[in-house]
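Some notes on the structure that comes next.
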Amino acid sequence: MKKLIRPDKKTIQKRRIMSYFIEAATQIIEEDGIENVTIRKVADIAGYNSATLYNYFENLDHLIFFAQLKHLKIYVVHLGDYIKDAKNALDKYFLIWEFFCYHSFQEPLVYHTLFFKEFKKPLRDMMQEYYTLFPEELEWISEDIEPMIMNQDLYKRNLSLLVNCMKEGFLQESVLEELNEMSLLVYQGMVERMLTNQADYTPKEATRRTMTYIKKYTLMHKTNENVTT
């Protein structure tokens, strides 16, 4: 568990007001859908005017991103426990994917927005801003997982896990880019199929199918010279 730094009064006030707007946006998303979130609606529910909202958020996308990021809390808090018994980097790689798939397939629109939507402001900057304001949401994650959580670029995020597999001798460097692209294509394809109702899968079934492909293709490229036991 990380030791939290007590924020100053100015930061506390900023957090409080931003939370009002984030909670208002979340309410609209849950009741009416993300496409119906507007600055005016959020401001009305939060009890402030639109001008005040712009003192804390650059635009509507900035606010929506923060509102959606709240949904990652359960995933972030429990990921460490889910992978704690992993025996090596390859085992951890599959467990992280499995846990990520199961949570994202329960809320495909949330995860699609977070990881595939284009924002004007760099995602990493928004992630750092959010967790600087709400550090308690990272309180329970281990230090080896935090860099991955903070990296919103799925391509770089997944590649870093594959590099760890390479370092332990499970994969050759020459196959990492291909494996990375394949895994992301499979995952994104499933998310989009669920969003467009092309697949009538439960989150559990969608996870099982996705993991079948990711594991099968990864193990096809596994070397027998890994140095771990």
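Looking across the stretch 15-73, the residues that are over 24 Å from C101 (Cα atoms) and β-branched (V, I, T) come down to I17, I22, I28, V37, T38, I39, V42, I45, T52. The number of residues in the stretch 48-94 being in a helix (DSSP H, G or I), among the hydroxyl-bearing types (S, T, Y) and touching a helix residue (DSSP H, G or I) at 6+ places or on another chain (Cβ under 6 Å) comes to 4. Among the residues of the stretch 167-190, those identified as crowded, with 16+ Cβ neighbours inside 10 Å and without any contact (Cβ under 8 Å) to a residue 40 or more places away in the chain are L176, N180, M182, L184, V186.
To keep it simple, each residue is scored yes or no on (1) polar (S, T, N, Q); (2) assigned by TED's automatic domain parsing to the domain that holds T210; (3) in contact with a Lys or Arg (Cβ under 9 Å, 6 or more places away or on another chain); (4) at pLDDT 95 or above.
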position	(1), (2), (3), (4)
K2	no, no, no, no
R15	no, no, no, no
I29	no, no, no, no
N36	yes, no, no, no
F66	no, no, no, no
L90	no, yes, yes, yes
F100	no, yes, no, no
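The values are calculated or read from the model by the stated rules, or taken from the named source; none is laboratory data. Computed from a predicted structure; not experimentally measured. Cβ coordinates were reconstructed from backbone atoms using ideal geometry, including for glycine residues, and neighbour counts include every protein chain displayed.
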